[in-house]
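These notes are about the structure you will find just below.
The values are calculated or read from the model by the stated rules, or taken from the named source; none is laboratory data. Keep in mind that this is a model prediction, so the values were computed, not measured. Ideal geometry is used to build each Cβ from the backbone, glycine not excepted, and the neighbour counts take in all protein chains shown. These area figures cover heavy atoms from the full protein model, side chains too; ligands, DNA and RNA do not enter into them. Shrake-Rupley method; radii C 1.70, N 1.55, O 1.52, S 1.80 Å.
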Amino acid sequence: MKVEKEGAAQSVMSLRIRWLTRSTIRAKMMTGLLLIVVPFIGFIIYSNVYAIEVVRHQVAESNKDLLTLYRDQLDGRLNEVDNYLFGLMSDTDVSDISFLTSPDDRVFAAHRLQLEISKAVMRFPVIDGLFLYLPADERYLYAFRDRSTLNDRMGMKEHVTQEIDRGIPGRQDLRKWYIERRGDQTYLVRAFLLNDASIVGAWINANSFLTPLDLLGIGEAGAAVLSDDDGNAIVNRGFVKEHGVEILPADSAYYLTGDDERFLAVGERSVEGEFGLYAFIPEDQILQNLPTLRIISYLLPFASVLILLVGFLFLRKTLLVPINRLLQTMNRIRQGNLDMQIKQYPTSQEFQIVNDTFNHMMTEIKDLRISVYEEQLNKQRSELQHLQLQIKPHFFINTLNMMHTLARMKDLTRMEELSLCLVRYFRYMFQSNLTFVTLRDELQHVRNYMRIQELRYPDQIAFDIEAPEFLLRTPVPPLVVHSFVENAVKHGVTLDEPVRIEVRLEMVEAPQSALLIQVRDTGPGFKPEVVEELEQDRRVVDDEGEHIGIWNVKQRLRLLYGEQAAVVLRNAEPNGAVVRVTLPLASDAGMTLVRGGAGHD
């Protein structure tokens, strides 16, 4: 024990000394990277600091000018709406309607006003609707554009009728467009209160403002935001919350904000309304507008090529060549050549240790592989033979009972046919020396089995098989189709109504050539717990006993094909069960037919 501890301590000390020597890969890589990367990083840092400072100012000025232009256009359009509303207030129908005593005159005046605002709303693209509220008649007139929704119009009507009682508190000066929030929607409202408490005004859904801002070149990662005077986002609130950007007064030229990702923010306050427009441009996007960076970007590839060539030659000699030798040897071993060894050559101490350990490991694997492989083959043969010879006794007993019934009924024709079907059935089942059979023999056995079931359940089973002729010579494990058909009969056939069982076989190409077997029935389908247990490769035991058939098939396919085969169970709509089995047409399982014609007389 003491000697082992001293040996371990010496090994640790030896590794530490090797780590410090020049021949270690760590020292070589660190030295090479320092000589190559440090000057390059210094140049890049200097260039980036200069570039970012210049480009921020250029991008901020450019986007602020565009934002100012859009703000001025928007304010101009809002001012045009204001002028129209002023003109509408002086309309004789608006000013005199409260003095009209005749109901007909009031109706005609309201009709003329409705026609007027319906025509006017199309002249102002910026707004979504116009409204006129006449409290004397409790009449609400409105006109809207097609892009507005019913919720928008009903919400504005509710807002106007509620505010009339309060005289639009705090807004009697009516100098600006104000913000009104209704549910999850935000609107800009312009309203004028007349002497008789009538209201004329217009409204805009705030989402309509940001469409032209896409022309600013903000990009997919950026966003345009509409905010109120307190810095609260009205539109694109999800962007503000997600990135943690801050909305500051728009007096400054620009500022940087954001939590994880930084954004360059510029903004402009509206003259006509209680809102502001903000543009948030990703900081990594603003470098696209810097001319100096473009020049640097042209020079960097040439400089990078020279640096990479020097670094590659260094890494190739110290790292890539030894790793490539190791990979070549491993690839040849994977192809089955277990006699390969890594040749001795001058290299770093770490690679020398890896090579010596690898050669020693391959020597031990070569000695153990033959015995382990033979033991595994013997185990697989015994498991295969055991699994494919499992026969359910209830089928045999029920068939004998049926033969007894036919004998008592003296139905010699059906008894003779049933006896012949049983001979074929058991002849196929007792083929214990076959690992594979042709698909033709398997399907013939399934037809023979279904004929027995048709004799047992007259007029209760409909059965159909579809298989292309070119697939009938394909080798498949025995009973792979039979097991799922038998399961469909056992759990799907009842005396209540007939059951149809269909078997479809076809060849699929993706991701590789494979045989697709699909068994479908119209019975009650699988129980969810049964499907879950079988997907976990566990035996299923319930109130009906142990369900070994499907589990048996999955184990056999696993032994023969490994991960190349697949079994999928699901329920069909509206009822029934579907089983899809995929088998590779070319396999490493060593598929050999011992003899053919096993299912015939």
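Assorted remarks:
- Matching residues in region 490-503 - criterion: being open to solvent by less than 10 Å² (accessible area, probe 1.4 Å) and within 26 Å of Leu472 (Cα to Cα): Ile501, Val503
Rundown of residues vs (1) buried (at least 19 other Cβ atoms within 10 Å of the Cβ); (2) at pLDDT 70 or above; (3) farther than 30 Å from Ala110 by Cα; (4) of a type in the set (Ser, Thr, Tyr), yes/no style:
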position: Gln185; (1), (2), (3), (4): no, yes, no, no
position: Val189; (1), (2), (3), (4): yes, yes, no, no
position: Phe192; (1), (2), (3), (4): no, yes, no, no
position: Asp196; (1), (2), (3), (4): no, no, no, no
position: Leu210; (1), (2), (3), (4): no, no, yes, no
position: Ala221; (1), (2), (3), (4): no, yes, yes, no
position: Ser227; (1), (2), (3), (4): yes, yes, yes, yes
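- Scan of region 116-163 for residues that are more than 44 Å from the chain's Cα centre (by Cα), among the aromatic types (Phe, Trp, Tyr) and open to solvent by 10 Å² or more (accessible area, probe 1.4 Å), ordered by number: Tyr133, Tyr140, Tyr142
- Number of the exception - Ser513 against (1) more than 18 Å from Val581 (Cα to Cα); (2) loosely packed, with under 12 Cβ neighbours inside 10 Å: (1)
- Qualifying residue in region 386-394 (condition: closer than 29 Å to Val503 by Cβ, of a type in the set (A, V, I, L, M, F, W, C) and either at pLDDT 85 or above or open to solvent by 80 Å² or more (accessible area, probe 1.4 Å) (or both)): no
- Filter pass, Glu506 being modelled with pLDDT under 85 and open to solvent by 60 Å² or more (accessible area, probe 1.4 Å): no
- Near pairs, Cβ below 7 angstrom, 6+ apart or cross-chain, from region 435-463 (assigned to a helix (DSSP H, G or I)) to any residue that is of a type in the set (Phe, Trp, Tyr): His445/Tyr428; Asn448/Tyr425; Tyr449/Tyr425; Met450/Phe463; Ile452/Tyr425
- Verdict on Glu544 being surrounded by fewer than 19 Cβ atoms within 10 Å (Cβ to Cβ), at pLDDT below 80 and under 18 Å from Val499 (Cβ atoms): yes
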